[in-house]
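In what follows, a structure is listed as structure tokens, so that the remarks can point back to it.
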Amino acid sequence: MIAVLKPGASQEQIKNLIAWLEDRGLKVNLSEGEFYTILGLIGDVSKIDTELLEGLEMVDSVKRISEPFKRANRKFHPDNSIVEVGGGIAIGSGFQIIAGPCSVESPEQILEIAKSVKASGATILRGGTFKPRTSPYDFQGMQADGLPLLLEAKKQTGMPIITEIMNVVHLPLFENVDIIQVGARNMQNFELLKELGMIKTPVLLKRGLANTLQELLMSAEYIMAGGNSNVILCERGIRTFETYTRNTLDLSAVPVLRELSHLPVIVDPSHASGIARLVEPMAMAAAAAGANGLMIEVHNDPPNALCDGAQSLTPEQFAALTEKVRRVYEVANK
Ligand code: PEP
Ligand code: MN
């Protein structure tokens, strides 16, 4: 349920109303927008006399929210959320490009790629160290040894970093990581999501291979319910009957998620297509569809990459992509 307050409601009145609602066992989410203040009520709202609430002088209207996701719901928070990720970078403000290799492979590799993507306009560096691979015989990432290399690249370039967590026991290793990625395979690892709700580090939550948008938003809700509202949604392609591409980029997810939720939405055309030459057109389409940014895999030597070489762009291809994407973004946001 949400209670929309009248523009003139005083801080004192708002405080008293929140205390009254909390006394009735509800959790109250206060959202102060440009024009309206909205109280999002979570819990057993049957204890509330809606007519009484609606009759209060400072209350404009009261509405029930039918969707099961509350905190992630745009009705709760009509303005777009902006997630500050460090280094003065904010996702949801302008268009942010996350780029870097699928996996961190060596100090030279991550540093060289970091410098080149930064020079082409990437604002955040990616690099996996704990890798979810379909085969147990494939390279599993550098694991804990990769994190100091990523942190060193952060130090040398000043770029915030994002890397994937696969096991909650590794959380202490992520202390200086700017954005923690929850990969597609862990989107419904609810125990992991609950732990990430208890910290403040921004979380980039990737859509599962076979998950609906509502399921993605319910997973975001798990993180937000714990108190961490710094959630970024990521569309990375879903399983369909098509086999030409690695996955099928569900581009309509972008406007739908932005309509249903206030959280920023990022598109990953690399994992969505699995084919390097498709990354640029899909990236442009994502910018045109209203995404808040992109996540792109870039490698300095794609044919010899230890993971996902076929979908990785060279630094030159990445530079050409960012140029085109910026132009599309400008036209789409005029
Ligand atoms: C990744 O970003 O490296 C990755 C494994 O992505 P996904 O979870 O989308 O497959
Ligand atoms: Mn990858």
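Counting pairs of alpha carbon atoms under 8 Å apart in space and at least six apart in sequence, what relative contact order in percent does the stretch 97-142 give?
Computed over the stretch 97-142, the figure is 46 percent.
Considering just Cα atoms, how many Å³ per residue does the convex hull of the stretch 12-58 enclose?
Expressed per residue, the convex hull around the Cα atoms of the stretch 12-58 is 74 Å³.
Listed here are the pairs LYS47/LYS200; LYS155/LYS200; LYS6/LYS334; LYS118/LYS194; LYS70/LYS154; LYS200/LYS334; which of them are more than 24 Å apart at the Cα?
Going by Cα-Cα distance, LYS47/LYS200; LYS6/LYS334; LYS118/LYS194; LYS70/LYS154; LYS200/LYS334 fall outside the 24 Å limit.
Hey, got a sec? Which trypsin sites (Lys or Arg not before Pro) in the stretch 189-286 land in a DSSP loop and have at most 16 other Cβ atoms within 10 Å?
Taking the stretch 189-286 and a limit of 16 other Cβ atoms within 10 Å, the loop trypsin sites (Lys or Arg not before Pro) found are LYS200, ARG239.
Efficiency by 1/(1 + (r/R0)^6): what FRET value for GLU259 and ALA119, r their Cβ-Cβ distance, R0 = 25 Å, to the nearest 0.05?
The formula returns an efficiency of 0.10 here.
Debye sum, Cα scatterers, the chain, no solvent: what log₁₀ I/I(0) at q = 0.09, 0.11 1/Å?
Values, matching the q order: -0.49, -0.71.
Quick one: putting +1 on the C-beta of Lys and Arg, -1 on the C-beta of Asp and Glu, what dipole do you get for the chain around its Cα centre, in Debye to the nearest 20?
Here the chain has a charge dipole of around 320 debye.
Report, to the nearest 10°, how far helix 315-332 tilts away from the longest principal axis of the Cα atoms in the chain, using its own Cα long axis and a range of 0 to 90°.
30
Only loop residues by DSSP count here, and only those with at most 11 other Cβ atoms within 10 Å; note down the chymotrypsin sites (Phe, Trp or Tyr not before Pro) in the stretch 116-204 that meet that.
Passing sites in the stretch 116-204 are TYR137.
With a cut-off of at most 10 other beta carbons within 10 Å, and DSSP calling the residue loop, which trypsin sites (Lys or Arg not before Pro) in the stretch 64-117 qualify? Please list them.
ARG64
Would you work out the relative contact order for the stretch 183-334, in percent, from Cα pairs under 8 angstrom that are 6 or more residues apart?
17
Test of understanding: ordering SER93, SER116 by Cβ neighbours within 10 Å, fewest first, what list do you get?
Ordered from fewest to most neighbouring Cβ atoms within 10 Å, SER93, SER116 come out as SER93, SER116.
Based only on other Cβ atoms within 10 Å, what is the fewest-to-most ordering of ASP79, ASP49, ASP178?
Final ranking by Cβ density, sparse to dense: ASP49, ASP79, ASP178.
What is the stretch 7-162 by shape, rounded, prolate or oblate, if you read a ≥ b ≥ c off the alpha carbon gyration tensor as root eigenvalues and call it rounded for a/c under 1.5, prolate for a/b larger than b/c, and oblate otherwise?
It is prolate, given that a/c is not under 1.5 and a/b is the larger ratio.
Sort out for me the Cα centre separation of the stretch 208-283 from the stretch 137-206, rounded to whole Å.
Going from one Cα centre to the other spans 18 Å.
Can you tell me the 0 to 90 degree angle between the C-alpha axis of helix 11-23 and the longest principal axis of the chain, rounded to 10?
It is inclined by approximately 90 degrees.
If I take every Cα pair under 8 Å that is 6 or more residues apart in the chain, average their sequence separation and divide by the length, what percent do I get for the relative contact order?
Computed value for the chain: 15 percent relative contact order.
Give me TYR329, TYR222, TYR36 sorted ascending by neighbouring Cβ count inside 10 Å, so fewest comes first.
In order of increasing Cβ crowding within 10 Å: TYR36, TYR329, TYR222.
What's the longest bit of the chain with no exposed GluC sites (Glu not before Pro), using DSSP loop states and at most 14 other Cβ atoms within 10 Å as the test?
Longest site-free region, per DSSP loop and neighbour criteria: 58-174.
Set the Förster radius R0 to 22 Å, insert the Cβ-Cβ distance between LYS324 and TYR244 as r into 1/(1 + (r/R0)^6), and round the FRET efficiency to 0.05.
Between LYS324 and TYR244 the formula returns 0.45.
Quick note: the coordinates plus some simple rules give every number you see, no bench work behind them. Computed from a prediction, not measured in an experiment: that's the story for all the values here. No Cβ is skipped: glycine too gets one built from the backbone with ideal geometry, and neighbour counts run over all protein chains shown.
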